[in-house]
1. Quick one: 353, 10, fewest Cβ neighbours within 10 Å first, how do they rank?
2. Explain nothing, just compute: Karplus ³J(HN,Hα) = 6.51 cos²θ - 1.76 cosθ + 1.60, θ = phi - 60°, for every residue of region 215-228 in order, whole Hz, x for Gly and Pro.
3. Using a ≥ b ≥ c from the Cα gyration tensor of region 258-357 (square roots of the eigenvalues), is it rounded, prolate or oblate, where a/c under 1.5 gives rounded and otherwise the larger of a/b and b/c decides, a/b for prolate?
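Computed from the coordinates by the stated procedures, all read-outs in this text should not be read as laboratory data. Remember, predicted model here, so these are calculated numbers, not experimental data. As a convention, Cβ positions derive from the backbone with ideal geometry for all residues, glycine included, and neighbour counts pool all protein chains shown.
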Amino acid sequence: MAGSAQDKTEQATPRRIQEARRKGQVARSTDLNGALCLLAMVALSYASKDQFIVDLQRYLAGYFSQVGHFYVSERSPVVALNDAARFALKLLVPFFGVALLAAMASNLAQVGFLFSTEALRLKGENLNPLNGLKRMFSTRSLVELAKSVLKVVIIGGVTYYLIRTNLEVLLLVLNRTPGGIYRDVLNFILKVALWGALAYLVLALLDYMYQRYDYKKNLMMSKQKVKEEFKQTEGDPHVKSKQKEIFRSMSLNKIISEVPEATVVVTNPTRLAVALQYRKGEMPAPRVTAKGAGRLAAKIRNVARENKVPVIEDQELARFLYRNVEVDREIPLEVYQAVAEVLALVYRLKAKENYRRI
């Protein structure tokens, strides 16, 4: 296993990453979800603490004001529990909603929208006790254990520090009015929660960085695996090269086959060659039927001469047509005049040749 891990020296390909994502394997930190949920709830607590104190005082005042005035029966405990449950539910529902939104936002930020049932499938290897023992003592399990211990130590240390530094203030709270006691105790609890949440967030960000590193490391591939995937997605390089050669040959044959039907071949004079075809009364404008550079240009010129197609040298026109007009496309307006002059020359040459034959 160590040897195979050492062989994995290549970064994961897009296909490998996509397959892992389809299986639900993504870089995600559950601690980051928890930290953001906790921060969101602490923020809501700070925003609504004054209203919470008012509601709590009103509830307790109403409850204790009835002492000695209501009839005690078998249903009295049930009624009291129902009232307490409604009050608690009224307070907690907003926190559940904020926590849910924070968790959804955290997941979307980390992995985007992802729905996969692959991770829910029951696999035989997961039922094997030996595999379970291996997972318990794996490097990842040790890392998770270290993270848990670190969270307890740091968050516990922050809490202990805050309690110790604010102990005198907490003792003085006992001399305050009930409303002041509620407010001071709640402020202290929120202060501890805020600093604990911030410490948790720092640990969560470090965990997210580790999860991304571990995710990329687990997806790394050997050079042989990359080659095999390339063959599956792009095809065997040797076969693909042969196919390109065949397509190139077919394309060249098609280009050359159009030259004998051309009206004229415009050259540059040796590097470029562009074949033009124009049939008066049948075509709205001349069109490019073939073009080429280098050896292909030489081939076009040779085929043109063999088939008695006029070859006219016009460097600027040949360069423009080669760069700006695709094969089987009509020429643009800006070269109408230049092409018309070339065609006029061709027609004059043909007229002289016909006159000589007579």
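1. Going from sparsest to densest Cβ surroundings: 353, 10.
2. 5, 5, 5, 5, 8, 4, 10, 7, 4, 5, 5, 5, 5, 5
3. Verdict is oblate for region 258-357.
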